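Report on one structure; see the data block that follows.
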Ligand code: NAD
Ligand code: MG
């Protein structure tokens, strides 16, 4: 799908294409969904369900949900289904018995799914586990709708460069980045002053720091506006998600940390804005429904008819804005620090956060300790780490492993620390 005719935002760095250089969309596109059973996967399958004549499903993947995966593979007549848990292969085979759907299990099967010839791939595995599969799609020059922000945060040093080399189109599926993608076409790199990504502020936006410290899992999982997977919902409560998104924006669009601002906007109607040199600010608006940015990626370079609710601003009445509170949400400060440090620091930030979130879910640390564990791991890595730009997936995965081990080692003392 991607071609030499694609223009790149910025001079050389970004593989995000500009809309004003439309490629002709073929009639039936083949699509693969990595992480088909998750929240983003579900929204993607819903859109595909509504346009069966325009899309053919090549491959679908899941982590361990055999039943959900087999059901989708049967419904869409997928050619290949892959389950990450190697112990589930016979179960998957059984669930697909009587069909002609090929199947596989383990990390290599997920990578195989991504490498199979589909025009468009949704990268919606959660966490750094999504990196190698996303790269497999990138390397064959596919159009890759990128929901998995962790893989970009983890491998940002080279991910976009590799996409550019392979002629892959990276279509930002995260709502804020999709908003920027839509707004950026209004000007060029030299005219850009800054981008603004909005944040709902999550469930603890107005809480006292002492209460945030003690927040329970149930409270952290109550997002005011968005319905999402568990990990990203907790990241939204800590605003680590916004931190990941600042890093994601920097790598996607080749922006410096100073060119990226975060604005708290509790209604989640404006998703992102771009300010240009003439002081025009272009914004993208929509109801908080991930099917809107995903539909934009799916239809690109055209627009498809979306099933989401139409925006009724009169009914909403008010859009409000606040500056983010870095003291209350230290994860946001740490993300900027990691981005400024570079050379693997964002990989460490992400790995430590994944360990911290898992520990919080398991009841091993308090909510407030998530950011403390990330900070301690980053400081430890800066003190002792061998810092060099990451060149490959193996480099990124090796830093990711080191950081996970350090975070796990630091966990007991962080858990014990009095607040
Ligand atoms: P989710 O937990 O609901 O789903 C994750 C999917 O990945 C599932 O299909 C799961 O089976 C699969 N998976 C998990 N671990 C895996 C592994 N080790 N190997 C292979 N497959 C694995 O997550 P989600 O909310 O859909 O988020 C997916 C990604 O999209 C994340 O990176 C998230 O940050 C990003 N994102 C999500 C939203 C949202 O609204 N949910 C919005 C923006 C970005
Ligand atoms: Mg987002």
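Among the residues here, residue 358 qualifies as farther than 30 Å from residue 54 by Cα, without any contact (Cβ under 8 Å) to a residue 40 or more places away in the chain and under 22 Å from the mean Cα position of the chain (by Cα).
Determine whether residue 241 is within 16 Å of ligand 1 (Cβ to nearest atom), at pLDDT below 95 and closer than 25 Å to residue 145 by Cα. No.
Within segment 44-63, being closer than 24 Å to residue 228 by Cβ, away from ligand 1 (no atom under 13 Å from the Cβ) and not in a helix (DSSP H, G or I) holds for 50, 51, 55, 57.
When 25, 15, 5 are screened for being part of a loop (DSSP other than H, G, I, E, B), at pLDDT below 95 and buried (at least 24 other Cβ atoms within 10 Å of the Cβ), only 15 passes.
Looking at 388, 338, 376, which one is farther than 20 Å from residue 217 by Cα and outside any helix (DSSP H, G or I)?
Exactly one residue qualifies, and that residue is 388.
The set of residues in segment 132-174 being within 14 Å of ligand 2 (Cβ to nearest atom) and in contact with a strand residue (DSSP E or B) (Cβ under 7 Å, 6 or more places away or on another chain) consists of 145, 146, 147, 148, 152, 172, 173.
If a residue must be within 16 Å of ligand 2 (Cβ to nearest atom) and surrounded by 19 or more Cβ atoms within 10 Å (Cβ to Cβ), how many such residues does segment 275-286 contain? Looking only at that region, the number is 2.
Output the residues belonging to segment 28-43 that are near ligand 1 (Cβ under 9 Å from one of its atoms) and not in a strand (DSSP E or B).
Answer for segment 28-43, where residues must be near ligand 1 (Cβ under 9 Å from one of its atoms) and not in a strand (DSSP E or B): 35, 36, 37, 38, 39, 40, 41, 42, 43.
Checking the stated criteria, residue 234 turns out to be over 13 Å from the mean Cα position of the chain (by Cα), buried (at least 22 other Cβ atoms within 10 Å of the Cβ) and away from ligand 2 (no atom under 12 Å from the Cβ).
On inspection, residue 212 qualifies as more than 12 Å from ligand 1 (Cβ to nearest atom), assigned to a helix (DSSP H, G or I) and closer than 13 Å to residue 367 by Cα. Residue check: residue 190 meets all listed conditions (1) in a loop (DSSP other than H, G, I, E, B); (2) at pLDDT below 95; (3) more than 16 Å from ligand 1 (Cβ to nearest atom) but one, namely (1). Listed by position, the helices (runs of 4 or more DSSP H) enclosed by segment 76-178 that each have at least 2 residues that are within 18 Å of the chain's Cα centre (by Cα) are 107-115, 131-139, 149-155, 159-166.
The values are calculated or read from the model by the stated rules, or taken from the named source; none is laboratory data. As the structure is a computational prediction, the values presented were derived from the model and not from experiment. For neighbour counting, all protein chains shown are included, and Cβ atoms are generated from backbone atoms with ideal geometry for every residue, glycine included.
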